[in-house]
Structure formats: C-alpha cells, structure tokens
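We did not get these values from a lab; they are worked out from the coordinates using the rules stated. It should be emphasised that the depicted structure is a prediction, and the values quoted were computed from it without experimental measurement. Don't worry about glycine lacking a Cβ; one is built from the backbone with ideal geometry, like all the others, and counts go over all protein chains shown.
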Amino acid sequence: MSMFGLGRDDDDRRGDRRQDYGGNIPHGGAYPAGGGYPSRYDDDDLHGAEEEAARHSGGSGDSSFFSTILSAVKQRKQSLADEDVDEDDAVRQHKRFYDDKDDDDADDRSMGSAAAMQALKMFSSGKSENQSQGALIGIAMAEASKLFDQKSSQGKVSGEASKESAVTKAGEMALKFYLKSQGSNSGGGGISGDSDSKMSGLLGLASKFIK
C-alpha cells in the first residue's frame, strides 16, 4: 500500500473517531469554538427567543432578523457569563430613555442597556406571560429594535450606532442579567434547579433595581 493510501486510511479512522464525539466539529477538537470547554448553559433555554422578539417588536423586526442577532449572542454566551454586569448604568440608561426622555445622541450600548432593563421590568411586573430565559432575551431585543427605530426617526441616534448592534447589546445585557441571577441563585456554580427557582432568582435581581 502506498504512503498516500495509508494517509487516507488514517484520516478516515480519525474522521470516524470524530463522529463518535457528536459528528462534524468544524472548529477542531471535541469542544465548542471560543471557550475551549463545554458550555455550562444550555442553548435550548434560548429556544424561541427570536419568535418572542418578533411578537413584541411591533413590526420593527422579523424572526429572521432576530435569529441572526440571537446567533451572535449565543456565540458569546460563555464569555458573557464571566463579564461583570453594570446594573447601575443600566438603571440610569433606562431612566434616561423611558422616563426622562433625555436621549439625544443615543448610542447602541446605552439603548441596549435600557432595553434590557425594560425587559427585566416587564418580567418583574408580570407583563410577560412567558417567564423563560428565551422570552427575556427576546423581549430585550424587541425593545431595543423599537427604541432604535423611534430614536432614529427623531434624529437622536449617534452616527456610529446601528440597529443590529443596539439589538445585540440588548440581548447580551439581558443574558448577563439572567446568568448573574442564576449564578447567585446556585452559589456561583452555574445554572441549576427547576424553572421556578431560575425565575425566582431573576425576579429577585429585578427587585433590586426596579421600583
């Protein structure tokens, strides 16, 4: 047998072993791209977030648009879990956009933070029928989409801001809220417990900021 044939056989056997670990792994290795380790958080928890966003968006975005944003948020889930959450700034941005209307030169980060806090407020007040992680992220994305369209029509959006970025920031901030609430709820060891305990942790976090 030629050296080239042997090389192909070896490649085939390695391919078979890769299949044993769950099929094609485009990034190499047995772990997801980015974090190097399997995620502690189940992407199934975000299932339906794009449809939830489309329902709440008031026509400012469809499920395809939000699905693209959600994919970007999912890719950063592991790193977002390790980032600090500036709740005080989110509260300030929410007050600025939703209460004071002091919102000239709005950028994507501030709109995203305000929208995520608005989603948290809707959860804490019982205005969301679907009390799930996916619903929280979906509502945050929808609020950011509506907020961007509103401020853009008023000429109040900064030149560097984009709708996609504002919606992404909202989804990321909402996910960080959720992950922080579950981390404290489970002693820092990741998300655990049933759906009721998960949402109680989120609502407990909301009660600290929402008056």
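Would you mind checking the range 42-77 for residues with the amide N under 18 Å from a putative spin-label position 7 Å along Cα→C-beta of Ser152? From the range 42-77, the list is 53-70. Among the trypsin sites (Lys or Arg not before Pro) within the range 51-124, those in coil by DSSP and having at most 12 neighbouring Cβ atoms inside 10 Å are Lys101. Determine, from the Cβ-Cβ distance of Asp100 and Ser162 and an R0 of 25 Å, the FRET efficiency 1/(1 + (r/R0)^6), rounded to the nearest 0.05. The pair Asp100/Ser162 has a calculated efficiency of 0.55.
Packing, taken as the mean count of other beta carbons within 10 Å per residue, orders the peptides 132-138, 85-91 from highest to lowest as 132-138, 85-91.
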